Amino acid sequence: MAKVIIFGNTRTAELALYYLQNDSEHEVVAFTVEQDYIQEPTFHGLPLVPFETLEQIYSPSEFKFFAPLTEKNMNRVRARVYEQGLEKGYSYISYISSHATVLTDKIGDNCFILEDNTIQPYVTIGNDVVLWSGNHIGHHGTIGDHVFFTSHVVLSGGCQVGNYCFIGVNATIRDQSVLGEGTLIAMGANLTRQKTDPWSIWKGNPAEKAAISSKDIKI
């Protein structure tokens, strides 16, 4: 069990609180965001403290950190907060739902893995990865850092997912595919291509490459 500080004061932070309180041994003691986003001193009855001075209030030697942020700016906002937490000296927890089927122990820190995910044997998952509910992660796959899977995604066996990728609801990715860094697979897309370019967008069935970069959109 760890005493945990959650980054955020939005619905995602609220969900993290619910899951940790109801499906883990961890104790949530506080929330934190940047000073400019604090309007009230508490969130869900717990202290809401400035991230800028967090380590002065909650020592990294006594408390752990959890930053399950959204996919904003192709996961780069979450990645920034993750790196800043490390710089402050914090170690991270991961939350893995007891209602997920997880057949690997190769899962990094600051991961948020919700109910009904199926993660098959020999899968490796990096740091700062979000798997929303109901995904299938096929055997011998590799997922990099700062990746976001929405819901009901099928990632077939042997795939490689680069850092900062985003996979939309109900997308299907064929076996042995290699997704370049920052690839965005749109909702309902059926990716049959073996390899995608970095920071590309793929949509449709079969999926085709969009003319713009995933760096140029706001999600």
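Look at region 15-28: where a residue is part of a loop (DSSP other than H, G, I, E, B) and a partner is of a type in the set (Phe, Trp, Tyr), sitting 6+ places away or on another chain with Cβ atoms under 7 Å, you get SER24/TYR95. Tell me, yes or no, whether region 68-75 has at least one residue that is outside the structural domain of TYR19 (by TED's automatic domain parsing) and either in a helix (DSSP H, G or I) or under 16 Å from SER151 (Cα atoms) (or both). Checked region 68-75: no residue is outside the structural domain of TYR19 (by TED's automatic domain parsing) and either in a helix (DSSP H, G or I) or under 16 Å from SER151 (Cα atoms) (or both). Among the residues of region 70-93, just one is more than 28 Å from ASP216 (Cβ to Cβ) and β-branched (Val, Ile, Thr), namely ILE93. Of everything in region 165-184 that is touching a residue at least 40 places away in the same chain (Cβ under 8 Å) and assigned to a strand (DSSP E or B), the residue that is nearest to the chain's Cα centre (by Cα) is PHE166. Looking at LEU48, LEU15, just one residue is in contact with a Phe, Trp or Tyr (Cβ under 9 Å, 6 or more places away or on another chain), under 22 Å from LYS72 (Cα atoms) and surrounded by fewer than 18 Cβ atoms within 10 Å (Cβ to Cβ), and that residue is LEU15.
Conditions (1) loosely packed, with under 14 Cβ neighbours inside 10 Å; (2) more than 17 Å from the chain's Cα centre (by Cα), marked per residue:
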| site | (1), (2) |
| --- | --- |
| MET1 | yes, yes |
| PHE7 | no, no |
| SER24 | no, yes |
| ASP36 | yes, yes |
| THR53 | yes, yes |
| ILE57 | yes, yes |
| MET74 | no, no |
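State whether one or more residues within region 185-199 are at pLDDT below 95, assigned to a loop (DSSP other than H, G, I, E, B) and polar (S, T, N, Q). Taking every residue of region 185-199 in turn, at least one turns out to be at pLDDT below 95, assigned to a loop (DSSP other than H, G, I, E, B) and polar (S, T, N, Q). Residues in region 89-103 that are surrounded by fewer than 16 Cβ atoms within 10 Å (Cβ to Cβ) and either farther than 24 Å from TYR18 by Cα or small (Gly, Ala, Ser) (or both): GLY89, SER91, SER98, LEU103.
Of everything in region 200-219 that's assigned to a loop (DSSP other than H, G, I, E, B) and closer than 20 Å to HIS146 by Cβ, which residue is modelled with the lowest pLDDT?
ILE219
Taking GLU62, is it in contact (Cβ under 8 Å) with a residue 40 or more places away in the chain, over 25 Å from GLY126 (Cβ atoms) and of a type in the set (D, E, K, R)?
Yes: the conditions hold for GLU62.
Within region 136-162, the residues that satisfy the criterion of being closer than 14 Å to PRO198 by Cα and either surrounded by fewer than 22 Cβ atoms within 10 Å (Cβ to Cβ) or under 11 Å from the mean Cα position of the chain (by Cα) (or both) are GLY144, VAL147, GLN160, GLY162.
The values are calculated or read from the model by the stated rules, or taken from the named source; none is laboratory data. These figures come from a predicted structure and were not determined experimentally. Note that we place each Cβ from the backbone using ideal geometry, even for glycine, and neighbour counts take in every protein chain shown.
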